[in-house]
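Take a look at the structure set out below.
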Amino acid sequence: MTEPLSSRELTELAEGLDQLARNLWWTWDERAQEVFQELSPRGWQNLYHNAVAVLREVSGQELRVRLQEPAFAEKVRKTLRAFAGYMQERPTWGDLHAPALRSCPVAYFSAEFGFHETLPIAAGGLGILAGDHAKSASDAGIGFVGVSLFYREGYFQQAIDAENWQREYYTLLAPKNLPMEPVLDEKGDPVVCRVELGMEEAAFHAWRVNVGRVAVYLLDCNREENQRHFRDLTLRVYGGDSTTRIMQETLLGVGGVRLLRALGIRPSVFHMNEGHAAFLTLELVREKLAAGMSFEAALAQTKAECVFTTHTPVEAGHDRFSAELMDYAMHRFCARLPVPFARLLELGRVNPQNAHEQFCMTVLALRLSRAANAVSELHGRVSRHMWQCLYPDRPVEEVPIGHITNGIHLLGWMKGTVRRFWRNKLNGQFGAGGTAASPPAGLDWDACINSAEFWKRMADPEFISDEELWALRYKLRRELIEFARRRLLIARQRQAQEDFIAFDQLLNPDALTIGFARRFATYKRAPLIFQQFDKVVQLARDPARPIQFVFAGKAHPRDDEGKRYIQYILHLSKYSDLHGHLVFIENYDVHVARQMVSGCDVWLNTPRRPLEASGTSGMKAGCAGCLNLSILDGWWREGYDGTNGFAIGEDAHASSVEEQDRVDAANLYRVLTEEVIPLFYQRDEKGIPRQWIQRIRRAMVTLVPQFTTRRMVREYVEKYYLTRPE
Ligand SMILES: *Cc1c(COP(=O)(O)O)cnc(C)c1O
C-alpha cells in the first residue's frame, strides 16, 4: 500500500521539475530526460527534446495526477535528489584549486554557445566548444560566467530543394519555451543596459541560461524602445553584413562588460573566445580612463585582466573592419574616450602606422591580453608563425601564444543508449543490486565516467568482453540507420517527391559505416573520399565486405562552393551507383551529431592540413566505440598513437594545394583498403572482429579521458586563469 502524495509534496515535486527544466543539467543526465520523456513521449519527440516546452504542454492538473503514480513519483524524487546533489556538492575541484575565482569569476565571452538542440544559437565547433567549456566549468565548480547574445532566430535551419541546393530558413525561438530566464533586478523588472552603436544608443536586456552551477548571459536588443534596425541586431548568429557584424561584436564586448557590472559581478579574468569578443577590452579601457587613469596605464591594466583563445589558422577567418566602418559603428563609443580615434585604430593593426591596414579583432585581442593560446599543439605552432609579425623582436618559438588542446563534455555527447550502457557496467561491477535506474549509494557516476582509471579498464576483457562491445556497436549502428531512414522519409515527404524509395533498404545494418559531418567549409574537403569514385563504388557494393557512408553538414549561407559540395554528395546519394550506400542527413545539429558519432564505425576527417585548428567531433566518437580515420591535423595529430584509430598520410603536408589533395585522396584510399576494411571484416568463428575491437579498446583507454573539457578547463585554470604575468 502506498500513501497518496500530500498536496505539499505534489507542489514540491512540480516546482522541482520546473526548476530542473530550466537548468541544462538535464541535458547530460539521461534519467532526468527520461522523466520528461515519460511525461509526454510524443511531445518529447515533436518538441525536439525540450524539457521546458514539454512541461508547458502538460497541464498542472495532469502533472499532479501523474505524480500520484508511485513509480513515476519515485523517479522524479530520485532525479531531483541527484540534481540537488550536483548543485550542492562541496568542496568542488574549484573550491580546492581555484578559490580565488569563486568571488571573482572568469567571464567567458563567446559570440556563440552550443548547449543543446533546443537552443540553436551556435554555428559550429566554436560555439559547441564554448558550451562544453561552460558545462565542465560547472562540473569543476569554478567561478565562471558566460556572456553571449540571444539570437531569436538562431542559426539557420537547412533544407534541400529539388535541385539539391541548400536553402536556409529561420524559425523564431520563443523565450518562454526555452531553458532560460529573464534577468531581473530586485524589483522584478528586467535589467536594462545601454550601449553606443554608430551615432546612437541601443538598449538591451538579458537572459540567463543555467548550465548546472554556472550562468551564461545572453544579451538581447529586441526591445520596444529601440529602433527597428537595433531590434534586429540580435536576430541571427553572424547575421547580415559587416555592419551588423561589427555592431553585434560591439554589443557583445562593450555591452557584455556593462551587464556584468550592472549585476555586480566582478570578474578577475576576461576570457575572449575568439576575436569576436575583443571589443570588451575597449570597454575595460574606457572604464579606467573614466576613473582618471592615463591611456598607457589603462592599456596595461586591461591587458593584465584578459586572456585570449584564437581558433583559426585560416587567414579569412579573422575579423577585419575598415577604418571607415570602425568610425561608423564605434563613433559614439569612441567619442566618449579622451583618446584620439586614430590612436584606438592603431590597437588593431599589425603595423600601427599603416593607415591602410584594416582593424583586426585578433590583433586587438593579442595586444590587450596577458596570455593567448591556440587550440592544439600544431595550431599553436601555426599561430606563432602567423602572428610573429606582431612581435618582430622575437624568434618565432618565443611568440607568446601557447596552446591548450580542445576537448568535449563527455556526458553531454553520450546518447542515452551509451550512457545507460556505461552506467550498467559501472553498477554491475559493484554487484549489490545496482541497476541503471538506481546506482548503488555512494557511487559517484560523474567522477567515475570522467576518470582515466575507468577508461583504462577497457583494456581488460574481464571487465568488458569483446562480445559486449560488439553488441553495443551493432545496437548503435542500427539506431543510427533507423534515425537516418526516418529523417530521409520526413525530408522526402516535405519535398512532396513522389518517386518510390524503399527506405528500409537504405543502408545495411551489417556494413562498415563511415560518417562525415561538420560545417561544409571547403578546407574540410567533404568530397575528398569520392575523388576515387569508381573504386569507392566497388568497395561499397562488395557483397562480402560492403561499406557505406552517412554525411551531414551545413554550408555557410554565402558559401556557394560549400553548397556545391553538398549538392554533389546529394546527387551521388540519389542518382549514382552509391544509391543505398550513401545518405545525406539534412539540418546537421547537435542531435544529429550525437546520433552519428555513436552509430558510425568510422569517423572520417579530411581537412587540408594545417587548417583544422583542433576539431572536436572526432573526440565525441570514442566513448561509443567509433574509430577515427583522419588526416594528422589538429587534435588527431596528438591523439593518434598507431593503435587507437587510423591516420591518413603522415605528420607533414605537401607544398601545393593540388598536390596535397591528390596525395591525401590516394592515402585515404590506401588506408581504407589496406587497414580499415580488412580489420573490420576479419572475423573469428563467432563472427567477431577481434582486432577491430582491440582498436576500440585502445581508443577508449588513450583518447576518451584525455580529450575532454574536464581536462581542458583545468588546464585553463592552472595556466591562464590563475597565473598573472610576472
Ligand atoms: C562537434 C560539432 C561541431 C564541430 O565539429 P568539428 O569536428 O570540429 O568540425 C560542429 N557542429 C556540430 C553540430 C557539432 O556537434
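The values are calculated or read from the model by the stated rules, or taken from the named source; none is laboratory data. Remember, predicted model here, so these are calculated numbers, not experimental data. With ideal geometry, Cβ positions are generated from the backbone for all residues, glycine too; neighbour counts draw on all protein chains shown. Accessible surface areas use protein heavy atoms only, side chains included; no ligands, DNA or RNA. Shrake-Rupley method; radii C 1.70, N 1.55, O 1.52, S 1.80 Å.
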Give a quick list of GluC sites (Glu not before Pro) in the stretch 449-545 that DSSP marks as loop, anything other than H, G, I, E or B, with at most 11 other Cβ atoms within 10 Å.
462, 498
What distance in nm separates the two pseudo spin-label positions at residue 243 and residue 315, each 7 Å out from Cα along the beta-carbon direction?
2.8
Taking the chain and counting helices only, DSSP H stretches of n ≥ 4 at -39,500 (n - 2.57) each over all residues, the nearest-500 ellipticity at 222 nm comes to -12500 deg cm²/dmol
Along the stretch 472-477, Karplus-curve 3J(HN,Hα) (6.51, -1.76, 1.60; θ = phi - 60°) to the nearest Hz, with x for Gly and Pro, reads 4, 4, 4, 4, 5, 5
Report the gain in length on full extension from residue 691 to residue 332: 0.36 nm times residue separation, minus Cα-Cα distance, nm rounded to one decimal.
122.7 nm
Under unit Cβ charges (Lys, Arg +1; Asp, Glu -1), what dipole magnitude, rounded to 20 debye, does the chain have relative to its Cα centre?
660
Using amide H atoms built 1.01 Å from N in the peptide plane, name the residues 5+ places from residue 409, or on other chains, whose amide H lies under 5 Å from its own.
709
Nearest 0.05, what FRET efficiency do residue 641 and residue 187 give at R0 = 51 Å with Cβ-Cβ as r?
0.30
For the stretch 545-575 and the stretch 89-116, compute the distance between their C-alpha centroids and round to whole Å.
39
Ranking 483, 584, 676 by how far each Cα lies towards the positive end of the charge dipole of the stretch 465-707 (+1 on Lys and Arg Cβ, -1 on Asp and Glu Cβ), the top one is 483
Explain nothing, just the number: relative contact order of the chain, from Cα pairs under 8 Å at least 6 residues apart, as a whole percent.
12
Note down the relative contact order for the stretch 7-88 as a percent, whole number, built from C-alpha pairs under 8 angstrom at least six residues apart.
35
Rounding to the nearest 20 debye, state how big the charge dipole of the stretch 7-97 is about its Cα centre with +1 on each Lys and Arg Cβ and -1 on each Asp and Glu Cβ.
80
Using the Karplus curve 6.51 cos²θ - 1.76 cosθ + 1.60 with θ = phi - 60°, work out ³J(HN,Hα) for each residue of the stretch 17-22 in order, rounded to whole Hz, and write x for Gly and Pro.
5, 4, 5, 4, 4, 9
Please compute the contact order of the stretch 210-308 in relative form: average sequence separation of alpha-carbon pairs under 8 Å and at least six residues apart, divided by the residue count, as a percent.
22
Under 5 Å between amide hydrogens, which residues at least 5 positions from residue 160 or on another chain qualify, with H placed 1.01 Å from N in the peptide plane?
167
Return the subset of 535/574; 135/554; 475/686 for which the Cα-Cα distance in this structure is over 20 Å, preserving the input order.
135/554
Mind checking the full-extension length gain between residue 45 and residue 502? Use 0.36 nm per residue of separation minus the Cα-Cα distance, one decimal, nm.
162.1 nm
Pop a pseudo-label 7 angstrom from the Cα along the beta-carbon direction at both residue 576 and residue 452 and give the gap in nm to one decimal.
4.3
For the chain, accessible area per residue (1.4 Å probe, heavy atoms of protein chains only), Å²:
39
Answer with one residue from 14, 546, 344: the one whose Cα lies farthest towards the positive end of the charge dipole of the chain, charges on Cβ with Lys, Arg +1 and Asp, Glu -1.
14
If you stretched the chain out fully between residue 535 and residue 9, how much longer would it get, using 0.36 nm times the residue separation minus the C-alpha to C-alpha distance?
182.8 nm
Please list, in order along the stretch 585-590, the HN-Hα scalar couplings obtained from phi with the Karplus expression 6.51 cos²θ - 1.76 cosθ + 1.60 (θ = phi - 60°), rounded to whole Hz, x for Gly and Pro.
8, 6, 6, 3, 8, 5
Shape call for the chain, from the Cα gyration tensor axes a ≥ b ≥ c (a/c under 1.5 means rounded, otherwise prolate when a/b beats b/c, else oblate), comes out oblate
Which percent of the accessible heavy-atom area of the chain goes to carbon and sulfur, probe 1.4 angstrom?
50
Order these peptides, 41-47, 385-391, by their mean beta-carbon neighbour count within 10 angstrom, highest first.
385-391, 41-47
Quote the FRET efficiency, to the nearest 0.05, computed for residue 229 versus residue 170 with a Förster distance R0 of 22 Å and r equal to the Cβ-Cβ distance.
0.80
So for each of 290-296, 5-11 I average, over its residues, the number of other beta carbons within 10 Å; can you give me the resulting order with the highest mean first?
5-11, 290-296
To the nearest 0.05, the calculated FRET efficiency linking residue 420 and residue 301 through their beta-carbon distance, R0 being 45 Å, is 0.30
Only loop residues by DSSP count here, and only those with at most 12 other Cβ atoms within 10 Å; note down the GluC sites (Glu not before Pro) in the stretch 142-212 that meet that.
163, 186
Ranked from highest to lowest mean number of other Cβ atoms within 10 Å per residue, what is the order of the peptides 299-310, 278-289, 666-677?
278-289, 299-310, 666-677
Taking the Cα centre of the stretch 465-707 as origin, work out the dipole magnitude from +1 charges on Lys and Arg Cβ and -1 charges on Asp and Glu Cβ, in debye rounded to 20.
580
If you take the charge dipole of the chain about its Cα centre, with +1 on Lys and Arg Cβ and -1 on Asp and Glu Cβ, which of 389, 297, 503 is farthest toward its positive end?
503
Taking every DSSP beta bridge with both residues inside the chain, roughly what % is antiparallel (nearest 5)?
30
At what distance in nm do the modelled label points of residue 56 and residue 84 sit from each other, each positioned 7 Å from its Cα along Cα→Cβ?
2.8
